[in-house]
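Undergrad: Okay, here's the structure, questions in a sec.
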Amino acid sequence: MLFNSSIFAVFIALLLPLYAILPASRPRKLLLLVASYLFYANWDWRYLSLLLISTAIDYHAGKRLARTDRLGARRGWLFASLFTNLGFLGVFKYGNFFIELAEPIWSSLGIVPIRFPGNIPVGISFYTFQTMSYTIDIYRKKTSPCGCLLDFALYVSFFAQLVAGPIVRSTQFLPQIVSMKQLRMGNVSSGTHRFLLGLFKKVAIADNVGLFVDTIFQAPGGYGAITLWGGAFAFVLQVYCDFSAYSDMAVGIGRAFGIKLPENFKNPYLARSITEFWQRWHISLSTWLRDYLFIPLGGSRKGLSRTYANLFITMFLGGLWHGAALTYVVWGGLHGLILMLERILGIGTSVRDENRGGFFGVVRGIITVSIHAVGLVIFRSADLPTAWQYITRMVTAWESLGGEQMALGWTGALILLCTGQYFIERHGIDRPLWIEMPAAVQGAALAMLLYLTAWFQADKVAFIYFQF
Amino acid sequence: MNKATKALIWCAALMIASEVGIRTLESGPIRVVDDAPSFETRRPFVFVLGTSRVRRGIWPRVIEKAWAEETGHRPWVASIWELAVTNIGLYKIYLDEIRPWAKKSTIPNGVLAIEICGASMNDSYMRDEEARYAHVSTFGKHLRAGDLSDASSQLLVSSARFTEIKGIIEDRFGKGERQEEIRIEDGEKMEDNGESAPQSGKRKTSLAQYLHRYSWGRGYKGFDPHHGTMDDLRLEKIREQYTGTLLKDYALGGIQIKYLKKLVKSAREDGLKVVFFILPITADHREFWDGDMYAAYVAAAEEVAAELGVPLHNFDRDFEISPDEFRDTNHLKEVGAVRLSREFASRLLGDGLVPEAGNQN
């Protein structure tokens, strides 16, 4: 069930009044849980079983972890949780990938391996990371286990962020649902503002840019360098408008029910280095990788060479998290190398830096977005040879083979977005200027967004990050 | 009432007001003029239908550009290809993908360029028995499809340009209606040889499951199905299963010719002009085939073209191309594809199938 579909409109239109008439916290939670399971089952009801198993095991493991101080037992329960979640990921997401990587071995042994026949369960990477963080935090004694299975099940499966994040920590989510309050009109309205912004980004921008991006990436050999650069920049625009749109919608829906979900983006294309980029992009994943992978590996506490290695390993696995394909692995590895390089040269910037460096800051921003664009070529290409063909043609094929005007147009749109972010960061929806605007002006702006959304509506397309 | 809710009410009120305003304007003496006819309905459309060789060798945008350079007008060019390579498959693609809107008579300058299939990859004539059976068994289910709603539908691949052009047409003229349940006529159903043909509505085999085992460029003169060798037992089993009708039907003759003719007839009924072509292959690839089978295939193609009065362009014979321009034994690299596509554009113009420059609107 896509957020940008009529079935979701019916779903939410039924859910909100039902929620509003329920008299107490517990039935409200139960309703949200059932709704979340229905939401998920709408994709493929069979995979609901994975969600239920993951919920049951992690809930139980969390309780057992808290009940004992014996290191062996604690490790055992942590292992059970990690084994289940990583096992699901390994089998359902990466199984076929590893089987195909080992194809020469199977051939030489004369074995025909069995392949997992279905699609990858939607959102599996998101909810498994979420539940793993829960048991790891209890193991580390950073949090106590959830005392209510209903609360925990809702934490794992809350439909707003179930399939594409943000990856929410139990410490952020569970305290908010201990007592589910009545629906408040202010929350629903403000959540709707945010949802409409996401809808506009997804339907009016991302899906339309996607038509151009798909054309270019299907046959990069048929285009010249200008078009290919334009295609890469267009994908930069698309992937942001698609993924951040989902996060906007998720935050908006959460807010409607009084649940505050974490922000996943902080104007990533304002970054002046890849280091800063990862502080602004898919924040819930990058902080997850930092807390549960980079730091346990030793972080930056064990000398320079270990720090570099840890950075690389973290980004490499972060790439693999995105999908079972070599393109994602290479993309992650590339980001790992760049992070290492920035640390070695001392050129990494931070999102917290007040001084943005003036003109040179802008130049660095352009370079960062360009590096990101080249990385995304690998990310988006069907396979590595195609990515290589694309990238080599970006620097060698300067003949005109068509598509240049469209490419320049979308590049211009990206520049508009990047410059617009300076404004959006300070004055967009949820920012002070927006909040202080008269209601009529807000209403006119929202009406304009809706008109543009309807005007530019392309065919319904799934969110890019659903596949991860 | 809080401000966010007021804003939503304002939003709804403004939208209703503007909607009412537009409707009033539309129904009153001042009418909104529909500017849709600015779509270039007489701009030539060229659909190129064929095998994976079309995918690699015929580049729609290069043809468009070459044509525009020569005439000053740009056509729409799109390719669609299939991987099982039968004329039945091409006919199915035509019915499903092109006819729904070609039939609407909105494409006055339409051309259908068909790569003559059936024996164009002609695995049934391959010298190496293992390669022959492996390939035919890989695509067996699709080749033996008992009705067209199953035939080759998993194997259809269309170019991005096709999707784009289809979108433009559908925006302008609306979606075409697909024909349902198109069945091969009685008596034409292919032999089953023991394995049941796929049933309608049943989940179809995923092409991806086959393709990982199937690649060109390695092993026997460039052909190495299964990335290895087949054991004798498996070969024997496949041989038993596929010897006979299926191999015969896969060659360019009988049922394949019949469906090529049906395809031409349907296209002409829909107002499209038809042209045939044969794409170049390397000498190595020709050697895959038994004896003079390749010459027989070309002769059969020429005979059908003459009988139907369709121009036939044999790029394998009439277009000079070096082995360096191939990526394997029968698919072109970019350099070859660009050259061939330009030549393709020039030949189509030479056929005079579409209006000359300056006479398109």
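The values are calculated or read from the model by the stated rules, or taken from the named source; none is laboratory data. Since this is a predicted model, take the numbers as computed values, not measurements. Backbone-built Cβ (ideal geometry, glycine too); neighbour counts: all protein chains shown.
Undergrad: If I filter region A:169-182 down to residues being part of a helix (DSSP H, G or I) and under 16 Å from A:A256 (Cβ atoms), which single residue comes out as nearest to the other protein chains (Cβ to nearest Cβ)?
TA: For region A:169-182, the residue satisfying everything is A:Q176.
Undergrad: Within the set of pairs 6 or more residues apart or between chains, which connect a residue that is under 11 Å from B:V54 (Cα atoms) inside region B:330-345 to a residue that is charged (D, E, K, R) with Cβ atoms less than 7 Å apart?
TA: Cβ pairs passing all conditions: B:N330/B:R53; B:H331/B:R53; B:H331/B:R56; B:L332/B:R56; B:L332/B:E325; B:A337/B:R56.
Undergrad: Just checking, how many residues over region A:346-365 are surrounded by 13 or more Cβ atoms within 10 Å (Cβ to Cβ) and on the phi < 0 side of the Ramachandran plot?
TA: Residues flagged as surrounded by 13 or more Cβ atoms within 10 Å (Cβ to Cβ) and on the phi < 0 side of the Ramachandran plot within region A:346-365 amount to 9.
Undergrad: Which condition does B:A337 not pass, out of (1) of a type in the set (A, V, I, L, M); (2) over 19 Å from the mean Cα position of the chain (by Cα); (3) within 14 Å of chain A (Cβ to nearest Cβ), if it passes all the others?
TA: (2)
Undergrad: Going through region A:100-122 one residue at a time, which ones are among the hydrophobic types (A, V, I, L, M, F, W, C) and at the interface with chain B (Cβ under 10 Å from one of its Cβ atoms)?
TA: A:W106, A:V112
Undergrad: Could you check how many residues of region A:280-297 are within 16 Å of the chain's Cα centre (by Cα), part of a helix (DSSP H, G or I) and free of Cβ contacts under 8 Å to residues at least 40 places away in the same chain?
TA: The number of residues fulfilling the criteria is 4.
Undergrad: Right, another one. Return yes or no: is A:P166 over 30 Å from A:I21 (Cβ atoms), assigned to a loop (DSSP other than H, G, I, E, B), more than 14 Å from chain B (Cβ to nearest Cβ) and of a type outside the set (A, V, I, L, M, F, W, C)?
TA: No: the conditions fail for A:P166.
Undergrad: Now a separate question. Determine if region A:40-56 includes at least one residue that is out of contact with any Phe, Trp or Tyr (no Cβ under 9 Å at 6 or more places or on another chain) and of a type in the set (V, I, T).
TA: no
Undergrad: Now for a different question. Taking B:G271 as meeting all but one of (1) without any contact (Cβ under 8 Å) to a residue 40 or more places away in the chain; (2) part of a loop (DSSP other than H, G, I, E, B); (3) within 26 Å of B:R99 (Cβ to Cβ), write down the number of the exception.
TA: Evaluating B:G271 over (1) without any contact (Cβ under 8 Å) to a residue 40 or more places away in the chain; (2) part of a loop (DSSP other than H, G, I, E, B); (3) within 26 Å of B:R99 (Cβ to Cβ) leaves (1) as the failure.
Undergrad: State which residue is farthest from the chain's Cα centre (by Cα) when the search covers only region A:51-71 and only residues that are farther than 15 Å from A:S133 by Cβ and at pLDDT 90 or above.
TA: Applying the filter and picking the extreme gives A:R64.
Undergrad: Within region B:274-311, which residues are within 22 Å of B:V46 (Cα to Cα) and part of a loop (DSSP other than H, G, I, E, B)?
TA: B:L279, B:P280, B:G309, B:V310, B:P311
Undergrad: Okay, moving on. Can A:N4 be described as among the polar types (S, T, N, Q) and in contact with a helix residue (DSSP H, G or I) (Cβ under 6 Å, 6 or more places away or on another chain)?
TA: Here the answer is yes, as A:N4 does meet what is asked.
Undergrad: Would you pick out the residues in region A:183-197 that are more than 9 Å from every other protein chain (Cβ to nearest Cβ) and closer than 14 Å to A:A13 by Cβ?
TA: Hits for region A:183-197 are A:L183, A:F195.
Undergrad: Any chance you could count how many residues in region A:128-160 are under 21 Å from the mean Cα position of the chain (by Cα) and at pLDDT below 90?
TA: 0
Undergrad: Would you confirm, using the coordinates I've provided, whether A:A153 is within 19 Å of A:L261 (Cα to Cα), in contact with a Leu (Cβ under 8 Å, 6 or more places away or on another chain) and more than 14 Å from chain B (Cβ to nearest Cβ)?
TA: Yes.
Undergrad: Please note which helices (runs of 4 or more DSSP H) are completely contained in region A:76-160 and include at least 2 residues that are of a type outside the set (F, W, Y) and closer than 26 Å to A:L32 by Cα.
TA: Passing ranges, in order: A:124-139, A:149-157.
Undergrad: Does at least one position in region A:260-279 carry a residue that is under 23 Å from A:F379 (Cα atoms), outside the structural domain of A:Y390 (by TED's automatic domain parsing) and free of Cβ contacts under 8 Å to residues at least 24 places away in the same chain?
TA: no
Undergrad: Please work out which residue is modelled with the lowest pLDDT, limiting yourself to region B:12-40 and to residues that are under 30 Å from B:W76 (Cα atoms) and either within 8 Å of chain A (Cβ to nearest Cβ) or surrounded by 13 or more Cβ atoms within 10 Å (Cβ to Cβ) (or both).
TA: By that ranking, first place goes to B:F39.
Undergrad: Is there a residue being closer than 15 Å to B:L272 by Cα, among the basic types (K, R) and touching a strand residue (DSSP E or B) at 6+ places or on another chain (Cβ under 8 Å) anywhere in region B:42-62?
TA: yes
Undergrad: Of all residues being part of a helix (DSSP H, G or I) and touching a Gly at 6+ places or on another chain (Cβ under 8 Å) in region B:1-11, which is farthest from the other protein chains (Cβ to nearest Cβ)? Just the residue, please.
TA: Among residues in region B:1-11 that are part of a helix (DSSP H, G or I) and touching a Gly at 6+ places or on another chain (Cβ under 8 Å), the one farthest from the other protein chains (Cβ to nearest Cβ) is B:I9.
Undergrad: If I filter region A:282-331 down to residues being among the basic types (K, R) and in contact with a helix residue (DSSP H, G or I) (Cβ under 9 Å, 6 or more places away or on another chain), which single residue comes out as farthest from A:Q161 (Cα to Cα)?
TA: Taking the candidates together, the pick is A:K302.
Undergrad: Identify all residues within region B:41-61 that are within 12 Å of another protein chain (Cβ to nearest Cβ), surrounded by fewer than 24 Cβ atoms within 10 Å (Cβ to Cβ) and out of contact with any Lys or Arg (no Cβ under 9 Å at 6 or more places or on another chain); write none if there are none.
TA: If the condition is that a residue be within 12 Å of another protein chain (Cβ to nearest Cβ), surrounded by fewer than 24 Cβ atoms within 10 Å (Cβ to Cβ) and out of contact with any Lys or Arg (no Cβ under 9 Å at 6 or more places or on another chain), then B:R55 is the only one that fits.
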